[in-house]
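Heads up: the structure comes next, in structure tokens.
The values are calculated or read from the model by the stated rules, or taken from the named source; none is laboratory data. If you're wondering where the values come from, they're calculated on a predicted model, not measured in any experiment. Cβ atoms come from the backbone with ideal geometry, glycine included; neighbour counts cover every protein chain shown. With ligands, DNA and RNA removed, areas are computed over all heavy atoms of the protein, side chains included. Shrake-Rupley method; radii C 1.70, N 1.55, O 1.52, S 1.80 Å.
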Amino acid sequence: MEASTFPRDLLEIDLTHRTWRRSRLGDGLLESAPGGTALAVRLLNERIEGPIDPFGEENPLVFAAGPFAGSPVPAATKHALATVSPLTGLVNDTLSSSHWSAALRRLGFAALIVRGRARESTALVIDADGVTFHDAISLDGLSAEETARALRRQLGDVRARVCAVGPAGERLVRFAVVENDGRQAGRGGAGAVFGAKRLKAIVLRGGGEVPVADAQATARLAQRLRERALGPKTAKYRLLGTGANMRVLDRMGLLPTRNFTAAVFEGTERVTPERARESPESFVEYRAGCANCPVQCEHRYVRRNGDRRRAAASEYESAWAFGPNCGVDDLDAVLAAIERCDRYGLDTISTGGVIAWTMECVERGVLDASRVGVDARFGNGEAMLTLIDAIASREGFGAVLARGVRAAAAEVGNGSEAFAMHCKGLEMPGYEPRGLPTYALGLAVCTRGACHNRAATYDLDLRRPTALQTVEERARACMEQEDYAAAWDTLLLCKFVRDCFDDFWSEAAELLSAVLGGAWNAARLRAMAHETWYCKRSINARLGWKPEDDVLPARLFEEPLRGGPADGMRLDREKLEQLRKAYERCRANYAPVGPVASS
Amino acid sequence: MKLELFGMARHVVGAGVLDVPVGEPATVRTVLGAAARLAPALVGTVLEADGTPIPPHYLLMDGRVAVGMDEAIRDADHPCLLVLASGG
């Protein structure tokens, strides 16, 4: 089968004028950006001329299916969503997975772009005949899951695939998520961009098979990956889930605690998701995962006497955000917080981050309980849940927190900016940068803000802590990790199968050639990954990013860690600046291989 | 010597600590080799039969990652068998 038969259409929808247009993407673009993040950010790049209001009509939502979505390749049914983040004002490339991703391909689309603003709450229904615009006012206030159920009922189509926002997105909470099939395009506030466009949901219906270039090779390579993904390299995800990180990071003294005032949490044993798994007499565990993924990494827990529909996903970052980072050692409160965020459509890392900052403000006397509306001190699980409700509804102090920690600290002032834990406006994830120097650099320079998944540089510090000796080595390693992540995010293979490849670049190129056709090899894949990073940086430059924005919170330089194996560690401003400059030199010396292709 | 177990190691052994009998001088090889013999459930998922950690498992000694199998383990060390389940 010729590669040209592979889904390659672009669907552009204008909510303001209720129009749509289907076109074919150019060969040049698809050859350098075969899908996922590469394609999404290139299409975004063509539509960003200068600084824009993330909530303005002109901010596009760009979806791009992964090149393997809908194919037999396992752990790869995913899509990317790129937009300008209302938290950072910069590019936000976010990912989600499962049936909706495959449905996009099955309808023949490589990408989907939504612009404009509807007059009233709207659901888009897309099928082989085109796009219809449906009034969604009756869905307002529903969670994404409830919205999906209601739309399937309305349409009489149980197989309709729905991505939607919950109440937090409707109310423009700047860290609202977009959800489909129980998975979230989580960080950076794409859900609020939906809300600003009065877009409640996008429904995909029907579609055919997704053709592949070489069915035999695809089946063989997919089977190899499937077998590996069922082996010991992913056992930790299948059997334990990422929640098992908590005990490990605590033992290493790298578990950010109480808004990064410590890195060892005395309540870890009480609040780790592993405790739920180890207590079958008290908790029921449900396993879940993405479509066509053998790993099924999601471990949901609920009390034996609880409502199964309220079982909470226990990913490490979520459990960390509401446990150690808020000083809460009550597992029930942590699971309730996660479940509540999923129902409202809130990013758990950012939600935990703004609440932890609030708790520190209250403890320091920067804020009093009457302004916050509740005595929000570290460890108060009830106050944490109350604040989640307030954020989602934007009521009281929740309206301040709904703008993210950077904006909240700017409004509250009184020195609270120094302990607002974010980079470029995106709240920090659950790894302690003071003990992880390459990770600290990766956070600082990340085009998305404080994201742990666009470089995963903590992997280098944890797995090969002595491998990087010089500034240049560390800077180069950071750049290579970013490009490596960009390749994964373009192929949209789940990073949880990364240990299943002996030689990722070559094996991934082989997979791509089998599915898409064309002569992919490791060098071409590397060039594509680099160009993807360059494209993100170019967008940011036009949006107003400056090198001096690549900084980390003052606390990380001024307050050494206390206790645990990382006792005394802090970041050195001068050293980080040296690293940042070396990183920029690496990037400058590794220029893109050609101009960013146009559609 | 007490070997602390985390993640998959803890899961397959069913305990958080393994009391590993080793003579002096102890090395990463002797400690993990003894652990593999004492707890065969570790073999295949966490350790090779000779005690070599299966990536991405590794041995941490109170904040310091063991980089080689012949590295000495001192009395003051607190060895931990870890795996980091990244992401999520």
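Figures for the structure shown
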| item | result |
| --- | --- |
| Which listed residue is assigned to a loop (DSSP other than H, G, I, E, B), within 30 Å of A:GLY563 (Cβ to Cβ) and within 14 Å of chain B (Cβ to nearest Cβ), from A:VAL248, A:VAL264 | A:VAL264 |
| Of the criteria (1) open to solvent by 10 Å² or more (accessible area, probe 1.4 Å); (2) more than 14 Å from chain B (Cβ to nearest Cβ); (3) under 26 Å from A:LEU543 (Cβ atoms), which one A:ARG454 fails | (2) |
| Number of the condition not met by A:SER513 [criteria: (1) closer than 20 Å to A:ALA213 by Cβ; (2) not in a helix (DSSP H, G or I)] | (2) |
| Members of region A:424-466 that are in a loop (DSSP other than H, G, I, E, B) and within 16 Å of A:ASN325 (Cβ to Cβ) | A:MET428, A:PRO429, A:GLY430, A:TYR431, A:GLU432, A:ALA450, A:HIS452 |
| Cβ pairs under 7 Å, 6+ apart, first in region A:482-496 and away from chain B (no Cβ under 14 Å), second assigned to a helix (DSSP H, G or I) and of a type in the set (Val, Ile, Thr) | A:ALA486/A:THR37; A:ALA486/A:THR532; A:THR490/A:THR37; A:THR490/A:THR532 |
| Hey, A:ARG238 more than 7 Å from chain B (Cβ to nearest Cβ), farther than 21 Å from A:MET359 by Cα and either in contact with a Leu (Cβ under 6 Å, 6 or more places away or on another chain) or without any contact (Cβ under 8 Å) to a residue 40 or more places away in the chain (or both) or not | no |
| Search result, residues across region A:251-261 that are open to solvent by less than 30 Å² (accessible area, probe 1.4 Å) and more than 11 Å from chain B (Cβ to nearest Cβ) | A:LEU255, A:PRO256, A:THR257, A:ASN259, A:PHE260 |
| Search result, residues across region A:357-377 that are part of a loop (DSSP other than H, G, I, E, B) and not β-branched (Val, Ile, Thr) | A:GLY365, A:LEU367, A:ASP368, A:GLY373, A:ASP375, A:ALA376, A:ARG377 |
| Residues that are in a strand (DSSP E or B) and at the interface with another protein chain (Cβ under 10 Å from one of its Cβ atoms), drawn from region B:59-73 | B:LEU60, B:MET61, B:ARG64, B:VAL65 |
| Flag for A:ALA477 being open to solvent by less than 30 Å² (accessible area, probe 1.4 Å), at pLDDT below 95, small (Gly, Ala, Ser) and assigned to a helix (DSSP H, G or I) | yes |
| Set A:ALA376, A:ALA383, A:ALA356, A:ALA399: member being at pLDDT 95 or above, more than 14 Å from chain B (Cβ to nearest Cβ), at negative phi and in contact with an Asp or Glu (Cβ under 7 Å, 6 or more places away or on another chain) | A:ALA383 |
| Close pairs from region A:360-388: first under 23 Å from A:ALA319 (Cα atoms) and open to solvent by 60 Å² or more (accessible area, probe 1.4 Å), partner among the charged types (D, E, K, R) and assigned to a helix (DSSP H, G or I), Cβ under 7 Å, at least 6 apart | A:ARG377/A:GLU363 |
| Members of region A:230-245 found to be out of contact with any helix residue (DSSP H, G or I) (no Cβ under 7 Å at 6 or more places or on another chain), modelled with pLDDT of 90 or more and not in a loop (DSSP other than H, G, I, E, B), listed by number | A:ARG238 |
| Filtered residues of region A:207-230 (kept if touching a Gly at 6+ places or on another chain (Cβ under 9 Å) and surrounded by 15 or more Cβ atoms within 10 Å (Cβ to Cβ)) | A:GLY207, A:VAL210, A:VAL212, A:ALA213, A:ASP214 |
| From A:ALA201, A:ALA196, residue being of a type in the set (A, V, I, L, M) and under 17 Å from A:ALA82 (Cβ atoms) | A:ALA196 |
| Scan of region A:457-481 for residues that are more than 20 Å from A:GLY253 (Cα to Cα), free of Cβ contacts under 8 Å to residues at least 12 places away in the same chain and within 14 Å of chain B (Cβ to nearest Cβ), ordered by number | A:ALA467, A:GLN469 |
| Which numbered condition B:THR30 misses (of (1) in a loop (DSSP other than H, G, I, E, B); (2) open to solvent by 20 Å² or more (accessible area, probe 1.4 Å)) | (1) |
| Unmet criterion (only one of (1) touching a residue at least 60 places away in the same chain (Cβ under 8 Å); (2) open to solvent by less than 30 Å² (accessible area, probe 1.4 Å); (3) within 25 Å of A:ALA418 (Cα to Cα)) for A:ILE539 | (3) |
| Residue under evaluation A:PHE6, criteria (1) in contact with a Pro (Cβ under 8 Å, 6 or more places away or on another chain); (2) under 22 Å from A:THR218 (Cα atoms); (3) open to solvent by 10 Å² or more (accessible area, probe 1.4 Å); (4) modelled with pLDDT of 95 or more, criterion not met | (4) |
| Of residues in region A:389-411 being among the basic types (Lys, Arg) and part of a loop (DSSP other than H, G, I, E, B), the one surrounded by the fewest Cβ atoms within 10 Å (Cβ to Cβ) | A:ARG394 |
| Search result, residues across region B:1-17 that are more than 10 Å from every other protein chain (Cβ to nearest Cβ) and assigned to a loop (DSSP other than H, G, I, E, B) | B:MET1, B:ALA15 |
| Selection count, region A:153-201, where residues are acidic (Asp, Glu) and surrounded by fewer than 23 Cβ atoms within 10 Å (Cβ to Cβ) | 1 |
| Selection from region A:484-510 of residues that are assigned to a helix (DSSP H, G or I) and open to solvent by 10 Å² or more (accessible area, probe 1.4 Å) | A:TYR484, A:LYS495, A:PHE496, A:ARG498, A:ASP499, A:PHE504, A:TRP505, A:SER506, A:GLU507, A:GLU510 |
